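S.K.: Pasting a structure here, questions to come.
The values are calculated or read from the model by the stated rules, or taken from the named source; none is laboratory data. Just so it is clear, the structure is predicted and the values come from calculations on it, not from any experiment. Note that each Cβ is placed from the backbone with ideal geometry, even for glycine, and that neighbours are counted across all protein chains shown.
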Amino acid sequence: MQQPHISAYRGRRIHMVGIGGSSMSGLAEMLARDGFMVAGTDRDEGYTLSHLRGLGIEARAGHHPDMVEGAALLVYSAAIPEEDPERQQAFALGIPQMERAVLLGELMAGHNQQVCIAGTHGKTTTSGMLAQALFALGADPTVHIGGSLDAIGGSVRAGGKGFFVAEACEFNRSFLHMPVTMALLLNIEEDHLDTYGDMAHVEEAYGQFLAQLPKDGVIIVHGEDPRALRVARAAGREVLTFGLDSRSDYQISGLGYDASGHAAFVLMHGGKALCHAALQVRGIYNALHAAAALVAVHRLGLDVVKAAQALGAFTGVHRRFEHTGMVQGMAMYHDYGHNPAEMQAAVGMAAMQGKRVIAVMQPHTFSRVKSLFDAYLTCTSEADITLVTDIYAAREKDPGDIHSRQLVKGMRANGLSAFLTPTFDDVEHWLLAHGKPGDLVITMGCGNINLLNIQMQQQEDQKLLAQGRRNDGD
């Protein structure tokens, strides 16, 4: 029996398991704004659940099977197994269930253009850039991205039916549920091998995603990523390349950086300069992300010069090389990067600032660490010091044969100055004992490592407040 479309549940209660996730929280907002009754749970308490409660959405930490009773539909993320107590309760009560990616795909349907950003890394930043550009151009986009963007007031925006901008996530083949008329393919690298097994199956899934484009659909691809370019050209659709190479359809020319590493370049097309972009975000990767967004704007027939001006005001998506504060004279940053390539990019941006860099890595999932083990050992080589926490299990159970101490041993064998700091308290104690004023500390991971930044900032604020009170009393 085919499950009803999500619209059939409007006005009825939907229970969301994993509601605190970057995508799920955004979907919860979209549903609530569109007349659905929404409630849900997540493993940990945090800012996202608090934010949802502020919108009138009941969001609790922990397992609460009792909340499932009376729901018309249960929505779950791919990380939630059938054994989850709330899903088991739904099975027992005969309540239909829908996977997150299916819900997103149904919400995207009906828009004139579905612009999907795919790739192993860079999706959120590129999606944010494109969303900000379209918003500034008055194109009224509907947006669903995996991070919070100040320009649109969060991770989602309910706009018109013209454009839907969304990340196309490859985990669990989620992007195969998404309608798409334009695809931005940034890269294809090793990741999610717990889902795919090997890179041949990864490429196959990307090919299936691109095959969902209509015959007149467009693929915008980084021309210097051989794997991505090969998959794009095999799709039988129009392919436009971007990159630093002069053979690209859209070329980044005159790339340079200011003293803080902020990128600037001219985007060329057909031998002519289309626009000049001066960014407030750092490094070559962000220049490539901006170029991809600008190519999309140009191909959509919109004003690329004004789009470039809008990107000049782009300061990043939260949890993407985000400055979170100062602690004991150390500049604290956080980045959502959770595979070696993303961490390498984040550390590279940090190193451009000319400070001593301390990278704090929270490895994400046992399967990823095992499949990409060698890459983890050198991805923070541009940092002066690397601290490694315990592996964040997320959806997995500890297999007992992989531990962060093995990463630290391998990093040291590769010449890195690496230390095992299993808990947040261990990291904080190390930083406060060995960190120096002027250091740049970047925490990295998509688990809960961002809470370390909050923990340390709160301690710093309390210390400064106490000092202020003592000074006031002198």
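S.K.: Scan region 5-20 and tell me whether some residue there is at pLDDT below 90, in contact with a Leu (Cβ under 9 Å, 6 or more places away or on another chain) and under 25 Å from Arg319 (Cβ atoms).
M.R.: Scanning region 5-20 turns up at least one residue that is at pLDDT below 90, in contact with a Leu (Cβ under 9 Å, 6 or more places away or on another chain) and under 25 Å from Arg319 (Cβ atoms).
S.K.: Hey, does region 35-58 have a residue that's buried (at least 24 other Cβ atoms within 10 Å of the Cβ), polar (S, T, N, Q) and over 21 Å from Pro179 (Cα atoms)?
M.R.: Scanning region 35-58 turns up at least one residue that is buried (at least 24 other Cβ atoms within 10 Å of the Cβ), polar (S, T, N, Q) and over 21 Å from Pro179 (Cα atoms).
S.K.: Go through region 410-433 and report how many residues are farther than 30 Å from Ser148 by Cα and not in a helix (DSSP H, G or I).
M.R.: 7
S.K.: I would also like to ask the following. Does Val115 qualify as being under 12 Å from Glu167 (Cα atoms), aliphatic (A, V, I, L, M) and free of Cβ contacts under 8 Å to residues at least 60 places away in the same chain? If you could, list the steps in order and put the result at the bottom.
M.R.: Working: under 12 Å from Glu167 (Cα atoms): yes; aliphatic (A, V, I, L, M): yes; free of Cβ contacts under 8 Å to residues at least 60 places away in the same chain: no.
No; evaluated as a whole, the condition is false for this residue.
S.K.: I'm checking my understanding of the structure. Among residues of region 34-50 that are at pLDDT 85 or above and in a helix (DSSP H, G or I), which one is nearest to Gln89 (Cα to Cα)?
M.R.: Leu49
S.K.: Considering each residue of region 347-406, count those that are part of a helix (DSSP H, G or I), under 24 Å from Thr195 (Cα atoms) and among the hydrophobic types (A, V, I, L, M, F, W, C), and give that number.
M.R.: The total comes to 4.
Every residue, every condition in (1) surrounded by 12 or more Cβ atoms within 10 Å (Cβ to Cβ); (2) at pLDDT below 95; (3) within 26 Å of the chain's Cα centre (by Cα); (4) among the basic types (Lys, Arg), yes or no:
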{"residue": "Arg395", "(1), (2), (3), (4)": "yes, yes, yes, yes"}
{"residue": "Gly410", "(1), (2), (3), (4)": "yes, no, no, no"}
{"residue": "Ser417", "(1), (2), (3), (4)": "yes, no, no, no"}
{"residue": "Ala433", "(1), (2), (3), (4)": "no, no, no, no"}
{"residue": "Gly438", "(1), (2), (3), (4)": "no, yes, no, no"}
{"residue": "Cys446", "(1), (2), (3), (4)": "yes, yes, yes, no"}
{"residue": "Asp461", "(1), (2), (3), (4)": "yes, yes, no, no"}
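S.K.: May I ask you to list the residues in region 315-333 that are of a type outside the set (Gly, Ala, Ser) and within 14 Å of Gly147 (Cα to Cα)?
M.R.: Within region 315-333, Thr315, Val317, His318, Arg319, Arg320, Phe321, Glu322 qualify.
S.K.: What are the pairs, 6+ residues apart or on separate chains, where a residue within region 301-320 that is on the phi > 0 side of the Ramachandran plot has its Cβ under 9 Å from a residue that is among the β-branched types (Val, Ile, Thr)?
M.R.: Close Cβ pairs satisfying both conditions: Gly316/Thr125; Gly316/Val281; Arg319/Thr124.
S.K.: Residues that are within 19 Å of Val102 (Cβ to Cβ): find the strands (runs of 3 or more DSSP E) completely inside region 161-223 holding 3 or more of those.
M.R.: 163-168
S.K.: Next question, about the same structure. Quick check: anything in region 434-454 part of a helix (DSSP H, G or I) and under 26 Å from Pro81 (Cβ atoms)?
M.R.: Yes, the conditions are met somewhere in region 434-454.
S.K.: Sticking with this structure for a sec: Can you tell me which residue in region 68-82 is surrounded by the most Cβ atoms within 10 Å (Cβ to Cβ), limited to those that are more than 27 Å from the chain's Cα centre (by Cα) and assigned to a loop (DSSP other than H, G, I, E, B)?
M.R.: Ala71
S.K.: Which residue is surrounded by the fewest Cβ atoms within 10 Å (Cβ to Cβ), if the candidates are limited to region 101-131 and must be farther than 21 Å from Gly217 by Cα and over 16 Å from the mean Cα position of the chain (by Cα)?
M.R.: Within region 101-131, the match that is surrounded by the fewest Cβ atoms within 10 Å (Cβ to Cβ) is Val102.
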